[in-house]
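S.K.: Submitted below is the structure of interest, expressed as structure tokens.
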Amino acid sequence: MTGLVGAVAFVVLAPVVGGLIAGLDRILSARLQARVGPPVLQPFWDVLKLLSKRRALVTVFQEYYAGCFLLFAIVAGAIFFGGGDLLLTVFSLALAGVFLVLGAYAPNSPYSTIGAERELLQMMAYEPMLLIAALGCFMATGSFHVDAIYAHPTALVGRLPGVFLGLLFVLTIKLRKSPFDLSASHHAHQELVRGLTTEFSGPTLALVEVGHWYETVLLLGLVYLFLAALGPWVALAGVVVVYALEVLADNIFARLTWRVTVASAWTVAAILGATNLLAVHYLKQ
Amino acid sequence: MTNDNGLSYLLPGILIVLPLVPALLLAVVRGQAMRSAVVWTGALAVAAGSVWLAAGHLSGPPLALAFDLPWLDRAVAGAGLLVSLYMLFACRGIVKREWWIPVLIVAQTVVMVLVEVAGPRAERPIVIDQLSLVMALIIGIVGGLICIYALTYMEDYHRHHPEVSDRKPLFFFLLFAFLSAMFGIVFSNHLGWMHCCWEVTTLCSFLLIGYSRTEEARRNAFRAMGFNAVGGLSFGVAIWWQLHNGRAIELDSMAAMGSAALVPAVLIGFAGLTKSAQLPFSSWLLGAMVAPTPVSALLHSSTMVKAGVFAVLKFAPVFHGHTAGYLIALVGGATFLATSLAAISMSNAKLVLAYSTIANLGLVVACAGVGSPEAVWAGMMLIIFHAISKGLLFLAVGAVEHRTGSRDIEDMEGLLATRRALGIVMIVGIIGMFLAPFGMLVAKWTCLKAFVEVNPLLAILLAYGSAPTLFFWTKWLGKVISVPGAARPAVGPLSANEWAAVGTLAVLTVCACVLFPLVSDYAVAPYLARQYAGAMVAPAGVGIMALMLGLLVLAIMAFIFYPPRGQVSARYLAGANMGAAGNTFRGPLGEVTPASRNYYLMGFFPEGKIILGGSLASIALMIVALAAVLR
Amino acid sequence: MGIMSKSPWILHYDGSSCNGCDIEVLACLTPLYDVERFGIVNTGNPKHADILLITGAVNEQNKEVVTNLYAQMPDPKVVVALGTCATSGGIFRECYNVQGGIDTTIPVDVYVPGCAVRPEAIIEGVVKALGVLELRAAGKAQTHTPTGKVKA
Ligand code: SF4
């Protein structure tokens, strides 16, 4: 029952929270650049405006893929906040990602195809670390279920410091922050035009945006899970600090190449994540 | 544990002999019409036989046939020797650096003779449990469909390749003989018999790979024979070891023996690794791509490589909890990782399929090596899902290749738009291979859970190997679904034979994905309950998987019934679009058609180095595994 | 104020300007003017844009580009001609390859003169354009087909 409440709460509240986070993100970025920045509700205005524009698509299939991206981003989060299986959350998130990439492939436009390829490279970069994080949760708590992991009396970050740091690293990729915003960036126009989202427009683009909000909330929930046992305020403060650091990184780094992205993410997953898991395993024996 | 009535007593035997009837007929029949009739009848009979057998015995205890017919023993052993001798005879075609192949075959023949001298006897030469039945269904149905598909394919093949001499009678004879030998492998409880059938599959694959008789085909055929002879030798030594120590050579009693059977289990495990093309033996399966597509489909989905993992999986209870088992599992894990990485740089669709086959078999080997009930559950599910979807994909790629003249993934751009049905079929095959909530992923999920409980190392290998899988499948899918960039040559329709095979496999893939809980309950769980004394593995998360599947279906429905409307816009080409549809752009030298290729990242993921690294790791693991059991 | 004017996304296209006006457009994004305060984003992509800002005149080389970019913007949309060149061809008007102001090729909603056009004027022009955008979204202003013809 609590699971259902959590899932429904996520479905209803995540776009609100995610949109606010996006708004705060833009303000914080602006302040870091000595600007004032948009109102905090700006992301909501953007999405509402997109929804009231006419569709202009190369193929209507884009709409379908974007819709499925949103749908499975919601499913992933609902599984997570409903206390469900962590691995299934990761798989569902990957499914959502695949749909988004397909949406970028569908128009067969040079810019969005390169965006799609780069997005796939990013997915390939962060996927091992996400799975390792889920495995780590199991090894520390004996369960893959989020509710059981959440109820665990000691903070996961204590047992899994490496995994936590590794997770923060790939979070940068997943949140599309510099230096890993290869496929599409939040910032002003660039060499790929808008990369992944070049060919999405109007209401279709709105679906993608809202999907990102859901994803952001889910990812921050994952960070929270590692700190949960420290109490809600400490954990929440931790999440805020983590996100602020991501925004800081976004503003002070130039973009890196895909080679560096894949190599560094896999190395980090090996050195911080895998080593951590093996240490937990052998110390237990 | 005995038989009940006469027919079920005979049915397994009939199923082994049954494919030989069409095989022999096809060897003499000329003319497409007659051949069609025989192939269709034969394939349907084989499929019906396997379904009938499965229907009767899927629930309930294993069917053990106890009989002692010395003449049959001798006949099987004699057949095995004949096969060996024929292979030796075929070795007259080797080149200098292939000297090791006849040496291996001689060694294997010597071992066979030694075994025969020791007088192998089994009380229950044939035992049928759920694992054999699952395999029999795969062989009977998927194998039969591939034979039907081959009918049209081989006609086209000879039209496209006038230089290849037409030996269709031999070809179809071999296809059905292959099925017969596969039934033999999965039903035999007598290791000697299994070994004999094992050798027959090696010989069949040798002849089929070398079908075109080009230099490349011959070399690859010999490589396949040589590598499989390593496994055959290892298999023979395992039997000899058992006899030498006065132990049983019955598969079921060995599997129940636990660590006492570890030495033969590891030896037969090695044989399974060669047959299922695990590193460092993978190159024979890649080389087998020179053969006509039905052969690749047969080798990859329902026969040959599946025999390898079947043998390893049979010994899973022995491997369970043992270092040697874990080391074999790591060979599988290393193979999974290395071949998944290697597949990234492949643009040849058949090579992608080949590497992905090896990777998935690696996963099955890993499951078998870990040997816990969950792992075996995952392993069996992987075998089922993989057989169906991989068969489908091979046949679909073959169909595309025969119509466009290319098996390059880049040339499949816009397939969904230009040839909708074929495109959909290919999409079904691809998403069945890697996406939640479909088949393979259910198994992979259970794998992760089973692996991490033992030691995180294998789970970490799986985590790293899954990422490239996501990459290379999605970019292929992206090509298939994209709007065609340039005008593509029109693609002719598929023949009835091809549709019969491809369509049925597509339906089966969907059914397997939707009905996997039933497959688990009726086939996999009873097997595990018997092997592991009451262990029950229920597929977890069925509810959520079903929910995801339902949502996906709803989304498709919504899309079909309420298609989004709006203005159609040309793709963005920096504003320089040309032409009425705006699909080309104005470049410095006039009109340019934009073309985007997928990323293959050959510099970043060099195939050769990856495979070399994986092979070295596998060899080291095998040596340590052998040392661990012989100590 | 409707939703359209709360989130104006811009596509900036440089026709055959001398780059003077372009510098001023970019200046609007700097901390001094910070147009993101009003939700204005420079998208660089016609498919995301609501407002097409064009600097410089239309010439033989770029008239198709201008038409294409305009056609690829989803409705409702507005066009702002920035600088004297964009409004009338300016000092390049008599060049052999120059066709004239933007309105020789696509319908222009707001003309912002100046050589170079000042950031304050650009912002004012955009605000004016937002008014047109709102009217157009409400169906109270003329709309055009992708090729720039007036829609009935
Ligand atoms: S109006 Fe003046 S500053 Fe602007 S582009 Fe023309 S010449 Fe340059």
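S.K.: What nm distance separates the two modelled labels at B:Tyr522 and A:Thr275, each placed 7 Å from Cα along Cα→Cβ?
M.R.: Reported label-point gap for B:Tyr522 and A:Thr275 is 5.2 nm.
S.K.: Please label the shape of the range B:73-163 as rounded, prolate or oblate, based on the square roots a ≥ b ≥ c of the eigenvalues of the alpha-carbon gyration tensor (a/c under 1.5 means rounded; beyond that, a/b larger than b/c means prolate, else oblate).
M.R.: Numbers: a/c = 3.08, a/b = 1.16, b/c = 2.65.
Since a/c reaches 1.5 but b/c is at least a/b, the shape of the range B:73-163 is classed as oblate.
S.K.: Which of the listed residues, B:Ala107, B:Tyr153, B:Leu25, is farthest toward the dipole's positive end in the protein assembly as shown, when Lys, Arg count +1 and Asp, Glu count -1 at the beta-carbon?
M.R.: B:Leu25
S.K.: Which ³J(HN,Hα) values, rounded to whole Hz and listed in residue order, are derived for the range B:113-127 from phi using the Karplus coefficients 6.51, -1.76 and 1.60 in 6.51 cos²θ - 1.76 cosθ + 1.60 with θ = phi - 60°, glycine and proline given as x?
M.R.: 5, 4, 4, 5, 4, 5, x, x, 10, 9, 6, 10, x, 10, 10
S.K.: Right, something else. When the Cα atoms of the range A:2-284 are enclosed in a convex hull and the volume is divided per residue, what value in Å³ results?
M.R.: On the way: hull volume 33.1 nm³, N = 283.
So the per-residue hull volume is 117 Å³.
S.K.: When the dipole is taken about the Cα centre of the protein assembly as shown, and only Lys, Arg (+1) and Asp, Glu (-1) are charged at their Cβ, what size is it in debye, to the nearest 20? Could you put the intermediate results ahead of the total?
M.R.: On the way: 65 positive and 57 negative charges, 150 e Å.
Result for the protein assembly as shown is approximately 720 debye, rounded to the nearest 20.
S.K.: Taking the Cα centre of the protein assembly as shown as the origin and placing charges on Cβ (Lys, Arg +1; Asp, Glu -1), which of C:Cys115, B:Ile358, B:Val428 is farthest toward the positive end of the dipole?
M.R.: Comparing the listed Cα positions along the dipole, B:Ile358 ranks first.
S.K.: OK, next. Roughly how big is the range B:197-265's charge dipole about its Cα centre, with Cβ charges of +1 (Lys, Arg) and -1 (Asp, Glu), in debye to the nearest 20? Before the final figure, lay out the partial values.
M.R.: Working: 5 positive and 5 negative charges, 48 e Å.
The dipole of the range B:197-265 has a size of about 240 debye.
S.K.: Moving to a separate point now. Quick one: B:Trp40, B:Trp71, B:Trp99, fewest Cβ neighbours within 10 Å first, how do they rank?
M.R.: Working: B:Trp40 17, B:Trp71 7, B:Trp99 10.
Final ranking by Cβ density, sparse to dense: B:Trp71, B:Trp99, B:Trp40.
S.K.: Could you work out how far apart the two model spin labels at B:Ala33 and B:Asn348 are, taking each label as a point 7 Å from the Cα in the direction of the beta carbon, and quote it in nm?
M.R.: Result for the modelled spin labels: 3.9 nm.
S.K.: Still on this structure, please answer the following. May I ask what percent, to the nearest 5, of DSSP beta bridges between residues of the protein assembly as shown are antiparallel?
M.R.: Values: 16 of 33 bridges.
Taking every DSSP beta bridge with both residues in the protein assembly as shown, the antiparallel ones total about 50 percent.
S.K.: Still on this structure, please answer the following. Sort C:103-114, B:590-601 for me by packing, meaning the mean count of neighbouring Cβ atoms within 10 Å per residue, highest on top.
M.R.: Ranked by mean Cβ neighbours within 10 Å, highest first: C:103-114, B:590-601.
S.K.: So what is the relative contact order for chain B, in percent, with contacts set as C-alpha pairs under 8 Å and at least six apart? All intermediate terms of the calculation are to be shown ahead of the outcome.
M.R.: Working: 1045 pairs, mean separation 94.1, N = 631.
Normalised by residue count, the contact order of chain B is 15 percent.
S.K.: Amide H of B:Gly587: which non-local residues (sequence gap of 5 or more, or other chain) have their own amide H closer than 5 Å, using H built in the peptide plane?
M.R.: Distant-sequence amide H within range of B:Gly587: B:Val592.
S.K.: Right, here's the next one. If packing is taken as the average number of other Cβ atoms within 10 Å across a peptide's residues, how do B:132-141, C:60-69, C:8-17 rank, most packed first? Write down the numbers at each step before the final one.
M.R.: Details: B:132-141: 25.8, C:60-69: 18.8, C:8-17: 22.6.
Result, highest mean first: B:132-141, C:8-17, C:60-69.
S.K.: What 222 nm value per residue comes from the helices of the protein assembly as shown, counting each DSSP H run with n ≥ 4 as -39,500 (n - 2.57) and dividing by all residues, nearest 500 deg cm²/dmol?
M.R.: Mean residue ellipticity, 222 nm, calculated: -21000 deg cm²/dmol.
S.K.: Another question, then. What fraction of the DSSP beta bridges in the range C:9-137 is antiparallel, stated in percent and rounded to the nearest 5?
M.R.: Taking every DSSP beta bridge with both residues in the range C:9-137, the antiparallel ones total about 10 percent.
S.K.: Still on this structure, please answer the following. What does the charge count near B:Val502 come to, summing +1 for each Lys or Arg and -1 for each Asp or Glu among other residues with Cβ under 14 Å from its Cβ?
M.R.: Details: positive: B:Lys390, B:Arg403, B:Arg419, B:Arg420; negative: B:Glu401, B:Glu498.
Local charge sum for B:Val502: +2.
S.K.: Mean Kyte-Doolittle of at least 0.0 and a Cα length of 20 Å or more along the axis: which whole DSSP H helices of chain A meet both? Mind dumping the intermediate values first?
M.R.: Values: long enough: A:2-32 (40 Å, 1.65); A:61-81 (30 Å, 1.62); A:86-105 (28 Å, 2.33); A:110-141 (46 Å, 0.71); A:202-227 (38 Å, 1.30); A:232-252 (30 Å, 1.60).
Flagged H segments are A:2-32, A:61-81, A:86-105, A:110-141, A:202-227, A:232-252.
S.K.: Using a Förster distance of 30 angstrom, determine the FRET efficiency expected from the C-beta separation of B:Ala533 and B:Leu72, and round it to 0.05.
M.R.: Numbers: r = 33 Å, r/R0 = 1.11.
It comes out at approximately 0.35.
S.K.: Would you list the P(r) distribution for the range B:431-508, with all Cα-Cα distances sorted into 10 Å bins from 0 and each bin expressed as a whole %?
M.R.: Values per bin, smallest distances first: 14, 30, 30, 17, 8, 1.
S.K.: Less than 12 Å Cβ to Cβ from A:Gly18, Lys/Arg counted +1 and Asp/Glu -1: what total charge do the surrounding residues give?
M.R.: Details: positive: none; negative: A:Asp25, A:Glu209, A:Glu215.
For residues surrounding A:Gly18, the net value is -3.
S.K.: Also, quick follow-up: Which of B:Ile185, B:Ile14, B:Ile556 has the fewest other C-beta atoms within 10 Å, and how do the rest follow up to the most?
M.R.: Lowest count first: B:Ile556, B:Ile14, B:Ile185.
S.K.: Moving on. Going by how many other beta carbons lie within 10 Å of each one, how would you line up C:Met73, A:Met139, A:Met129, fewest first?
M.R.: On the way: C:Met73 26, A:Met139 21, A:Met129 29.
Going from sparsest to densest Cβ surroundings: A:Met139, C:Met73, A:Met129.
S.K.: Here is a further query. In what sequence, highest mean first, do B:358-365, A:167-174, A:236-243 appear when ranked by Cβ atoms within 10 angstrom?
M.R.: Working: B:358-365: 30.2, A:167-174: 22.8, A:236-243: 16.0.
Highest-to-lowest ranking by the protection proxy: B:358-365, A:167-174, A:236-243.
S.K.: Looking only at other chains, what is the average number of their beta-carbon atoms within 10 angstrom of each beta-carbon in A:42-53? Kindly include the intermediate steps, with their values, before the conclusion.
M.R.: Details: counts 7, 2, 3, 7, 7, 2, 5, 12, 6, 1, 5, 12.
Across the residues of A:42-53, the mean count of other-chain Cβ atoms within 10 Å is 6.
S.K.: For the Cα atoms of chain B, what angle does the longest principal axis make with the long axis of helix B:70-90, in degrees from 0 to 90, nearest 10?
M.R.: Helix B:70-90 sits roughly 50 degrees off the main axis of chain B.
S.K.: Here is a further query. From the phi angles alone, apply the Karplus equation (6.51, -1.76, 1.60; θ = phi - 60°) to the range B:611-625 and give each ³J(HN,Hα) in whole Hz, x where the residue is Gly or Pro.
M.R.: 5, 4, x, x, 5, 4, 4, 5, 4, 4, 4, 5, 4, 5, 4
S.K.: Return the lysines within reach of C:Lys128: Cα separation strictly under 28 angstrom, same-chain partners fewer than 8 residues apart disregarded; answer none if there are no such residues.
M.R.: Partners found: A:Lys49, A:Lys53, C:Lys6, C:Lys47, C:Lys63, C:Lys77, C:Lys140, C:Lys149, C:Lys151.
S.K.: Could I ask something else about it? Let me know the mean shielding of B:464-477 by other chains, meaning the per-residue number of their Cβ atoms within 10 Å of its Cβ. Working shown, then result.
M.R.: Details: counts 10, 1, 7, 15, 3, 2, 9, 9, 2, 2, 13, 7, 0, 4.
What the average comes to for B:464-477 is 6.
S.K.: Let me ask something additional. With angles folded into 0 to 90 degrees, how steeply does helix B:542-561 sit against the dominant principal axis of chain B? Use alpha carbons for both and round to 10.
M.R.: That works out to roughly 30 degrees.
S.K.: What is the set of long-range amide H partners of C:Gly100 at a cut-off below 5 Å, with H atoms built 1.01 Å from backbone N?
M.R.: Amide H neighbours of C:Gly100: C:Val58.
S.K.: While we're looking at this one, here's another question. Pick out the long, greasy-scoring helices in chain C: whole DSSP H runs spanning 18 Å or more along their own axis by Cα, mean Kyte-Doolittle at least -0.5.
M.R.: Details: long enough: C:119-137 (26 Å, 0.90).
Answer set is C:119-137.
S.K.: Moving to a separate point now. Between helix B:420-434 and chain B, what is the angle of the helix's C-alpha long axis to the longest principal axis, kept within 0 to 90° and rounded to the nearest 10?
M.R.: Taking the Cα atoms of chain B, the angle to B:420-434 is about 50 degrees.
S.K.: Per residue of A:59-68, what is the mean number of Cβ atoms on other protein chains within 10 angstrom of that residue's Cβ? All intermediate terms of the calculation are to be shown ahead of the outcome.
M.R.: On the way: counts 7, 6, 8, 2, 5, 7, 3, 1, 4, 5.
That works out to 5 on average.
S.K.: Also: Of A:Leu100, A:Cys137, A:Val17, which is farthest along the charge dipole of the range A:2-284 in the positive direction, counting Lys and Arg as +1 and Asp and Glu as -1 at C-beta?
M.R.: My answer, from the dipole projection, is A:Val17.
S.K.: A further question follows. For chain C, what is the charge dipole size about the Cα centre, in debye to the nearest 20, if Lys and Arg each add +1 at the Cβ and Asp and Glu each add -1 at the Cβ?
M.R.: Dipole about the Cα centre, nearest 20: 460 debye.
No lab work stands behind these numbers, since they all come straight from the coordinates. Owing to the predicted nature of the structure, the values given are computational and were not obtained by experimental measurement. Cβ sites come from the backbone with ideal geometry, for glycine too, and all protein chains shown count toward neighbours.
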